[in-house]
1. State the number of residues belonging to the range 21-55 that are among the polar types (S, T, N, Q), in contact (Cβ under 8 Å) with a residue 60 or more places away in the chain and buried (at least 22 other Cβ atoms within 10 Å of the Cβ).
2. Given the residues ALA154, ALA169, which is the only one that is aliphatic (A, V, I, L, M) and within 21 Å of GLN36 (Cβ to Cβ)?
3. Going through the range 205-249 one residue at a time, which ones are among the small types (Gly, Ala, Ser), assigned to a helix (DSSP H, G or I) and within 23 Å of GLY18 (Cβ to Cβ)?
4. Of THR38, THR21, THR50, which residue is touching a helix residue (DSSP H, G or I) at 6+ places or on another chain (Cβ under 7 Å) and among the hydroxyl-bearing types (Ser, Thr, Tyr)?
5. In contact with a Lys or Arg (Cβ under 9 Å, 6 or more places away or on another chain), closer than 28 Å to PRO15 by Cβ and either basic (Lys, Arg) or touching a residue at least 12 places away in the same chain (Cβ under 8 Å) (or both): which single residue out of LEU111, LEU127, LEU97 fits that description?
6. So PRO242 ticks every box in (1) closer than 20 Å to GLN24 by Cα; (2) in contact with a Leu (Cβ under 7 Å, 6 or more places away or on another chain); (3) not charged (D, E, K, R); (4) not assigned by TED's automatic domain parsing to the domain that holds ARG74 but one. Which box is left unticked?
7. Being more than 16 Å from the chain's Cα centre (by Cα), at pLDDT 95 or above and of a type outside the set (D, E, K, R) narrows it down to one residue among ALA190, ALA219; which is it?
8. Mind listing whichever residues of the range 193-203 are surrounded by 15 or more Cβ atoms within 10 Å (Cβ to Cβ) and more than 21 Å from the chain's Cα centre (by Cα)?
Amino acid sequence: MSAAAPEAALAAAAPVEGWLTEAQARRLHARAAAAQGTIVEIGSFRGRSTIVLALAAGEDAEVVAIDPHAGSDRGPQELAPDAARGQDDHAAFHASLAAAGVAAQVRHVRLPSARALAEVEGSVGLLYVDGAHRLAPAREDVTRWGARVAPGGAMLVHDAFSSVGVTGALLLECVGRGGWRYAGRTGSLAEYERLASPLPRTERARDAARQLAQLPWFARNVLFKALVLARLRPLAHRLGLPAGMHWPY
């Protein structure tokens with residue numbers, strides 16, 4: 001199977017439940033189409049982003065989808081494990097891949113990301129992170145899995161500058177430690193380029209400033225979430241949360 005065009009990949013993924021927007025899926029497709037080597041996804045849920053990655057990459061690339069399907073960390077306010085819910089997600093994930101014709105191309109690792117490092121050999125060409133959004137696990141994904149990305153490779157992180165934990169992880173690891181170049185974002189999908197060596201001091205300061213400039217947008221998203229949780233969704237929409245969107249992405 002050759003790589004699919006963005007429109008075909010998006011059409012195949014559209015019926016699958018998930019939070020990746022169309023614009024974000026296009027960015028993910030473009031990076032997967034250009035990726036050299038293994039593509040790793042952390043947090044697959046029911047397969048929406050997995051399908052985009054697999055169809056963009058084509059048959060020569062290995063796509064590794066890591067998700068324990070434990071029914072936890074699966075969406076807004078759904079943090080606690082739930083075995084029945086997780087098993088439903090697991091079944092839906094594999095059914096989605098089969099319907100899209102990519103089941104043979106995707107290797108599913110049903111483990112938490114911290115325990116799955118040994119399941120992937122060598123370096124990674126593209127890392128897509130949409131796992132647990134609390135600070136500790138998000139930081140571990142960015143740090144430990146990010147270290148596996150080859151120089152010149154990319155890391156895309158969902159809910160960046162939207163989730164408190166994910167944003168904190170990125171500020172600590174990608175701003176505080178360096179080793180990455182911020183390449184911009186599509187909504188809450190932020191992209192980083194893995195560097196062979198740290199940026200010079202001046203360039204690193206500019207790169208940090210570009211990321212810190214996203215914090216007002218982050219504060220806006222946190223406000224929207226607080227209003228939704230307070231059952232003030234109409235007010236959130238009046239302040240800018242797009243119509244029909246339950247949560248800012």
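The values are calculated or read from the model by the stated rules, or taken from the named source; none is laboratory data. Not measured: the values here are computed from a predicted model. Neighbour counts run over all protein chains shown; Cβ positions are idealised from the backbone, glycine included.
1. Looking only at that region, the number is 3.
2. Testing whether each residue is aliphatic (A, V, I, L, M) and within 21 Å of GLN36 (Cβ to Cβ) leaves just ALA154.
3. Of everything in the range 205-249, just one residue is among the small types (Gly, Ala, Ser), assigned to a helix (DSSP H, G or I) and within 23 Å of GLY18 (Cβ to Cβ), namely ALA236.
4. Being touching a helix residue (DSSP H, G or I) at 6+ places or on another chain (Cβ under 7 Å) and among the hydroxyl-bearing types (Ser, Thr, Tyr) holds for just one of THR38, THR21, THR50, which is THR50.
5. LEU127 is the lone residue from the list that is in contact with a Lys or Arg (Cβ under 9 Å, 6 or more places away or on another chain), closer than 28 Å to PRO15 by Cβ and either basic (Lys, Arg) or touching a residue at least 12 places away in the same chain (Cβ under 8 Å) (or both).
6. (2)
7. ALA219
8. Scanning the range 193-203 gives a single hit, LEU199.
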